[in-house]
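Comments concern the structure below.
The values are calculated or read from the model by the stated rules, or taken from the named source; none is laboratory data. Since the structure is predicted, the reported quantities are computational estimates derived from the model, not experimental observations. Cβ atoms come from the backbone with ideal geometry, glycine included; neighbour counts cover every protein chain shown.
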Amino acid sequence: MGKRLNDYKIAFMGQTGRGKSTLINALFGTQYSTNSVVECTTYINTATIRNFDPEIPYEAVSIMDTPGIGASLKKDVLYKPYYLHVLDTADCIVWLTNMERTDYADQTFFHEYSSEFKKDQKLVVCLNHIDKFSPQNIPTGFSSNEIWDEKNNCPTPLLNHFLYDKDDGRIEYFREKFSDFIPVPYEIIPTNALLKFGIENLKKAIFKL
C-alpha cells in the first residue's frame, strides 16, 4: 500500500468575483473555469498537485477553491458547511479582496467565523485586481491617472500611492477596518493575477519562504 503524500492544504476564499480561480491558475498552472460575471464555483474544488520545488518542504500541495461569500444571504447559508470545512482543514487561508473599499461582506464573514480560525493557521490577504482601479481624486504631484506601467508590468507611482500611502492607501485602510475582525496574524500581498504580477511574493507568503 502506497504512502500518503505529505501535502500542504491551501484554501482560497473571499467575495464572489475577486478572482480566486484566476489567481489559482496563475500560481499553480491549473485550469479552473473563470468568468467575471457568472459565479463559477458553487462547491469546493480540490486539486492535489505533486510538488517538485525544493524550496517548498512538502511532497504535494492541495488547493481548495471555495464558493464566494456575499453572493446572497441564501447562498452564504448554503455554503456555510464548506466554509467550516476549509477553516478546519486548511494549513493556509488565502483571502482575496481588491482595490474597491467594499468590505462589509468580508467583515461580516470574519466576525461570524473568527472562532473557527486555528491559531497556527497561516492567513494571507491577497489584494487582487490592483490594476482595476480608477481613483477619483488625484493627489498633488501626480499629473496622470494612468495606473499600470505596461512596459515594466508593475504599478505606476500613482497606483503605489493608492496602495501604500498612510492616508489614501488601500492596505492601510484594510488594516484599519479589519483590526477588530481578523483573529490571527496576516500579510497583505498586492497582485495582478492576469498579468502575473506579485505571484512570487504571494507564493513566498503562502509557504513561509
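Among the residues of the stretch 166-205, those that are in a loop (DSSP other than H, G, I, E, B) and surrounded by fewer than 15 Cβ atoms within 10 Å (Cβ to Cβ) comprise 166, 167, 168, 179, 180, 184, 185, 196. Looking at the stretch 169-209, which of its residues are more than 14 Å from the chain's Cα centre (by Cα) and hydroxyl-bearing (Ser, Thr, Tyr)? Correct list: 173, 179. Only one of the listed residues (30, 41) is under 19 Å from residue 197 (Cβ atoms) and either modelled with pLDDT of 85 or more or part of a loop (DSSP other than H, G, I, E, B) (or both). That residue is 30. Look at the stretch 41-59: where a residue is in contact (Cβ under 8 Å) with a residue 24 or more places away in the chain and a partner is surrounded by fewer than 15 Cβ atoms within 10 Å (Cβ to Cβ) and assigned to a strand (DSSP E or B), sitting 6+ places away or on another chain with Cβ atoms under 8 Å, you get 59/50. Looking only at the stretch 2-24, which residues are surrounded by fewer than 20 Cβ atoms within 10 Å (Cβ to Cβ), without any contact (Cβ under 8 Å) to a residue 60 or more places away in the chain, at negative phi and not hydroxyl-bearing (Ser, Thr, Tyr)? Selection gives 2, 3, 4, 5, 6, 7. Could you say whether any residue in the stretch 149-157 is within 22 Å of residue 15 (Cβ to Cβ) and in contact with a Ser or Thr (Cβ under 6 Å, 6 or more places away or on another chain)? Checked the stretch 149-157: no residue is within 22 Å of residue 15 (Cβ to Cβ) and in contact with a Ser or Thr (Cβ under 6 Å, 6 or more places away or on another chain).
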